[in-house]
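To start, the structure itself, in structure tokens.
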Amino acid sequence: MPTKKPNLFLKLLSLFSVVRGYNILVIAIAQYLASVFIIAPSYLPVKKIVFDINLFLIVLTSTLVIASGYIINNFYDSAKDLINRPRKTYLDNMVSQQTKLSLYFILNFVSIFIASSISFQSVLFFTAYIFAIWLYSHRLKRNVFVGNLTASILAVTPFFAVFIYYKNFDLVIFVHATFLFLLISLRELTKDLENVKGDFAQNYQTIPVKFGSKLAKQMATLLVLFSGIPVVVLLFKFDMGYMNYYFILSSAILLLYLILLWKSSSKQQYLWLHNLLKFNIVLGVFCILLIDVDLVIKRFL
């Protein structure tokens, strides 16, 4: 009997899974919240920031590039993901590889076209970003240490697009970026522990594959300890409003993560820890609103 083709709804659901639409939505929200409460100069009115057409185009371009990045990453990781995430891979494969590649090139072309309406510097920035994502997916992610470092840098790059646009060089921005970078690095390392079976089968030279889970856990411990440095700086040097409570809660979450990490050994346990870190990162995004609660009440409620 012929195989039944997936309907349009399942294909759209498959594409949403491939581009990880939920992640992209969170990143877009994070770019706007970071712009209003952290990156944009304090003298700019909130309305001017939110309705700034150039900021909107930067966020839109970022989301298109990130979506194309997830597509090319899915293309190169299809064999590994079949081992690590068979259910998700089944859903992702409802759309053909040819369709995914076509969409990849279309998204990149549209993103560069939009960037050209902002400035020539934006074109250069996003062209470099697209190339870096491709290079990571094609080659760098298979290399020990380099893969993790590159993935973490690429994850925070969309925020630097906003940072460059506003040309704000305040120290608080770099401290925030450092904390986010460490959290993402920790998440990437945990993901490597979770996916060690597929990485080993496909010869991905990740830290757990190359050096074992014990060293990976030791490195994760160091990342947790290092994350305490920007937390202390943000708590005691800058006025973070009620977001201080997030950093305290985040430290508690990371301590819980560390305790559970050293007790974990199965894929399911590492998956739980991975989700705990994702929750911590997403929570931090929305807690940006707590930096200036009066502003939120006055302008948004």
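Taken together, the values in this text are just the output of simple stated rules run on the coordinates, not laboratory data. Just so we're clear, the structure is a prediction, and the values are computed from it rather than from any experiment. Positions of Cβ are generated from backbone atoms using ideal geometry, with glycine treated the same way; all protein chains shown enter the neighbour counts.
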Efficiency of FRET from Cβ geometry, Ile164 and Phe131, R₀ 30 Å, rounded to 0.05: 0.95
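Report the full-extension gain for the segment Ile53 to Tyr22: residue separation times 0.36 nm, less the Cα-Cα distance, to one decimal in nm. All intermediate terms of the calculation are to be shown ahead of the outcome.
Working: separation 31, 0.36 × 31 = 11.16 nm, distance 2.33 nm.
Result: 8.8 nm gained on full extension.
Taking the beta-carbon count within 10 Å as an exposure proxy, list Trp134, Trp262, Trp272 from fewest neighbours to most. All intermediate terms of the calculation are to be shown ahead of the outcome.
On the way: Trp134 18, Trp262 12, Trp272 15.
Ascending Cβ contact count within 10 Å gives the list Trp262, Trp272, Trp134.
At 222 nm, what value in deg cm²/dmol follows for the chain if DSSP H runs of at least 4 each add -39500 (n - 2.57) and the sum is divided by all its residues, to the nearest 500? Don't jump to the answer; show the numbers that get you there.
Numbers: 16 runs with 234 residues, N = 301.
Helix contribution divided over all residues of the chain: -25500 deg cm²/dmol.
Pairs of alpha-carbon atoms within less than 8 angstrom and 6+ residues apart define the contacts here; what relative contact order does the chain have, in percent?
Values: 311 pairs, mean separation 60.7, N = 301.
Here the relative contact order equals 20 percent.
If R0 is 51 Å, what FRET efficiency do you get for Phe236 and Phe120 from their C-beta distance, rounded to 0.05? Walk me through the numbers on the way to the answer.
On the way: r = 41 Å, r/R0 = 0.81.
Result of the calculation: an efficiency of 0.80.
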Centroid-to-centroid separation of the stretch 81-104 and the stretch 181-219 [C-alpha atoms, Å]: 23
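Between Tyr245 and Val282, what's the calculated FRET efficiency when r is the beta-carbon distance and R0 is 25 Å? Round to 0.05. Present the calculation step by step, with values, prior to reporting the outcome.
Numbers: r = 16 Å, r/R0 = 0.65.
With R0 = 25 Å, the Cβ-Cβ based efficiency is 0.95.
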Shape category assigned to the chain from the gyration tensor of Cα positions, a/c cut at 1.5: oblate
The stretch 215-255 shape via C-alpha gyration tensor axes, a/c threshold 1.5: oblate
Given Lys214/Lys267; Lys191/Lys237; Lys167/Lys278; Lys88/Lys191, the pairs whose alpha carbons are separated by over 21 Å: Lys191/Lys237; Lys167/Lys278
Added length on full extension, which subtracts the Cα-Cα distance from 0.36 nm per residue, Ala252 to Leu101: 50.1 nm
Distance between the stretch 238-264 and the stretch 37-74 - C-alpha centres, whole angstrom: 27
Helix runs (DSSP H) in the chain reaching 24 Å along axis by Cα, Kyte-Doolittle at least -0.5: 53-76, 97-116, 120-138, 146-166, 171-194, 213-237, 244-261, 267-286
